[in-house]
1. Determine the equivalent ellipsoid of the range 216-265 by diagonalising the alpha-carbon gyration tensor, then write out the semi-axes as square roots of 5 times the eigenvalues, largest first, rounded to whole Å.
2. Given 0.36 nm per residue, what is the gain on full extension from residue 200 to residue 269 after removing their alpha carbon distance, in nm?
3. Helix 4-17 versus the longest principal axis of the chain: what is the Cα-based angle in degrees, 0 to 90, to the nearest 10?
4. Hey, what number do you get for the chain at 222 nm if only DSSP H runs of n ≥ 4 count, each worth -39500 (n - 2.57), divided across all residues, to the nearest 500?
5. If only Cα atoms are counted, what is the Rg of the range 144-235, and what is its Dmax, in Å?
6. Provide the three semi-axes, in whole Å and in decreasing order, of the ellipsoid equivalent to the range 241-318 as defined by the square roots of 5 times the Cα gyration tensor eigenvalues.
7. Grab the beta carbon distance between residue 76 and residue 242, set R0 = 45 Å, and tell me the FRET efficiency rounded to 0.05.
8. In nm, what is the difference between 0.36 nm times the number of residues separating residue 253 and residue 308 and their Cα-Cα distance?
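Laboratory data are not the source of any read-out in this text; all were calculated from the coordinates shown. Note that the coordinates shown come from a computational prediction; the quantities given were computed from them, not determined experimentally. Cβ placement follows ideal geometry from the backbone for every residue including glycine, while neighbour counts extend to all protein chains displayed.
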């Protein structure tokens, strides 16, 4: 004999699992009559759960969008995935309120069976995240509202107005049609049509000073390679140094070793030419030294000087006298 509470939870679980179910199907699953199912539905509605129904021979019950989330029931695997996913979000500093993350984890852990709770905590304590950004400075924290506004505007095809501070510290006001949001190498970006430049542009979200939705909408841009737009923009960011390097290898090998955001690649008679702008040549030198194929610096001279200095340092460490 099942208690009424167990029956109510069973009805709720069925409605959460299926988009909609008829009263007859729920009755068959629970081995009760349709009139009893109606009483269960009424009880759930009285508890404030957004259970809705359609009348008629093809009518069905379903969970509507209420002001509060209904109680959720997870399988063991789903609970583990939820807790670990929240930990990843926290460690990588996604723009989500840290208090909300900790609250969600605590609520989930509070209802886990003891054995499963031990497994979840063992996983959390055993896993180490490396978010050092390859020795560079940590990515700046992002305003959660900026991400939400851009994401919803992209979905609703709604124009936005934003104030943007460039890498040159120049501040401009723009009307922008966001096509989507991209997370890459610790930073968030958006790509879309900029009405100030009348062209496709990419913006880093942490440089957006303020943003608001505009009343105007824009047409569906169709298929746009958002990640490709962002990687291309990163590779072509203006800088004081214009790097040009000859890679004596094939295009396939070069593309396998050099992501799109590190530079543009072009075939030439001697091999592959890699180009990009740079503000810091030290890391460019380290990148070139990591290649296992011949490399020749075409420009700038400052990059050659850095490589000579690195070579002298390496020779001293190895006990080899430099020429």
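1. Details: eigenvalues 167, 51, 8 Å².
In descending order the semi-axes read 29, 16, 6 Å.
2. Between residue 200 and residue 269, full extension yields 21.6 nm more.
3. Compared with the principal axis, the helix lies near 40 degrees.
4. Values: 11 runs with 134 residues, N = 323.
About -13000 deg cm²/dmol.
5. 12.0, 34
6. Details: eigenvalues 91, 40, 25 Å².
Semi-axes (√(5λ), whole Å): 21, 14, 11.
7. Values: r = 56 Å, r/R0 = 1.24.
The formula returns an efficiency of 0.20 here.
8. On the way: separation 55, 0.36 × 55 = 19.80 nm, distance 2.57 nm.
Stretched fully, the residue 253-residue 308 segment lengthens by 17.2 nm.
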